[in-house]
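In what follows, a single structure is set out as structure tokens and then discussed.
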Amino acid sequence: MINLLFSTAIMFETNVLEKTQPILGAIGTERHSKPNIQEQEEFKELANKILEKSYEYAKAMKWENELYLQSMWYNVMKQYEDHRPHTHGNSLLSGVYYPTGTPSHPPIEFFDNRNTGAINPTINDYTPENASTWHYPVVPNSLLIFPSWLQHWVPVNTIEIPRISISFNVMIKGQAGKEEDLNGVVWK
């Protein structure tokens, strides 16, 4: 018997919003917006959908926490720009929404750095279960949610059309872990 131990859950949803036009009209040309666009009217529907999908993720993981959308910002990645490898250590879940895009835009790439220094065998059928890297293409009106500790990056945008994305972080409100656990904590 083979068990897949310590699997990493990533949620990928398409056709997230009925209309993306209000969002596209609210995105500027700067590289990043301020990290509180969830408070703006144009982004409220998306913010609500992100929280709804985060609760679906939590339910699938058998978590019993109250969640809130901690931060949300847009990114406009022009030609020859990239997003360097990083994590979101200040959150539980993170994600990205693509209001628009093309298959020519660089994908988001994930790295499992837990096996750094391990011997990697030759793989004849590359799958999410045996890979230490994986990518998701830019699909218009799609949403990805993943654990904030998962390292990710975006390679250089080689085309003239800016790559537009909306990133976000979700956090626990209230009790994390069981009250009787020595590592339980109450988040305010």
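The values are calculated or read from the model by the stated rules, or taken from the named source; none is laboratory data. These numbers were taken from a predicted model, which means no experiment stands behind them. Using ideal geometry, Cβ is built from the backbone for each residue, glycine included, and neighbour counts are taken over all protein chains shown. These accessible areas exclude ligands, DNA and RNA; they are computed on the full protein's heavy atoms, side chains included. Shrake-Rupley method; radii C 1.70, N 1.55, O 1.52, S 1.80 Å.
Counted as qualifying within region 149-188 are the strands (runs of 3 or more DSSP E) with 3 or more residues that are surrounded by fewer than 20 Cβ atoms within 10 Å (Cβ to Cβ), namely 163-176, 185-187. For region 115-148, the candidate set comprises residues that are in contact with a His (Cβ under 8 Å, 6 or more places away or on another chain) and hydrophobic (A, V, I, L, M, F, W, C); within that set, the residue that is nearest to I166 (Cα to Cα) is V138.
Do we have T102 as in contact with a Ser or Thr (Cβ under 9 Å, 6 or more places away or on another chain) and open to solvent by 30 Å² or more (accessible area, probe 1.4 Å) here? Judged against the criteria, T102 is not a match.
For region 62-81, residues that are surrounded by 13 or more Cβ atoms within 10 Å (Cβ to Cβ), among the aromatic types (F, W, Y) and either modelled with pLDDT of 95 or more or on the phi > 0 side of the Ramachandran plot (or both) total 3. Checking every residue in region 56-69 against the condition of being farther than 18 Å from A176 by Cβ and of a type in the set (K, R) gives zero matches.
Figure legend. Inter-residue proximity from region 58-77: first residues in contact (Cβ under 8 Å) with a residue 40 or more places away in the chain, second residues in a helix (DSSP H, G or I) and of a type in the set (S, T, N, Q), beta-carbon distance below 8 Å, spacing 6+ or different chains. Indicated pairs: L67/S54; L69/Q38; L69/S54; S71/Q38; M72/Q38.
Given the structure, is F146 open to solvent by less than 20 Å² (accessible area, probe 1.4 Å), touching a residue at least 24 places away in the same chain (Cβ under 8 Å) and within 17 Å of Q38 (Cα to Cα)? No, not satisfied. The single residue among S54, S7, S33 that is over 23 Å from P106 (Cβ atoms), open to solvent by less than 70 Å² (accessible area, probe 1.4 Å) and hydroxyl-bearing (S, T, Y) turns out to be S54.
Might you check whether a residue that is without any contact (Cβ under 8 Å) to a residue 12 or more places away in the chain and surrounded by 13 or more Cβ atoms within 10 Å (Cβ to Cβ) occurs anywhere in region 82-94? Looking for residues that are without any contact (Cβ under 8 Å) to a residue 12 or more places away in the chain and surrounded by 13 or more Cβ atoms within 10 Å (Cβ to Cβ), one finds none in region 82-94, hence no.
The set of residues in region 106-131 that are open to solvent by 30 Å² or more (accessible area, probe 1.4 Å), in contact (Cβ under 8 Å) with a residue 60 or more places away in the chain and outside any loop (DSSP other than H, G, I, E, B) contains only R114.
Check off (1) modelled with pLDDT of 95 or more; (2) outside any loop (DSSP other than H, G, I, E, B); (3) open to solvent by 40 Å² or more (accessible area, probe 1.4 Å) for W134 and give me the number that stays unchecked. Condition not satisfied by W134: (1).
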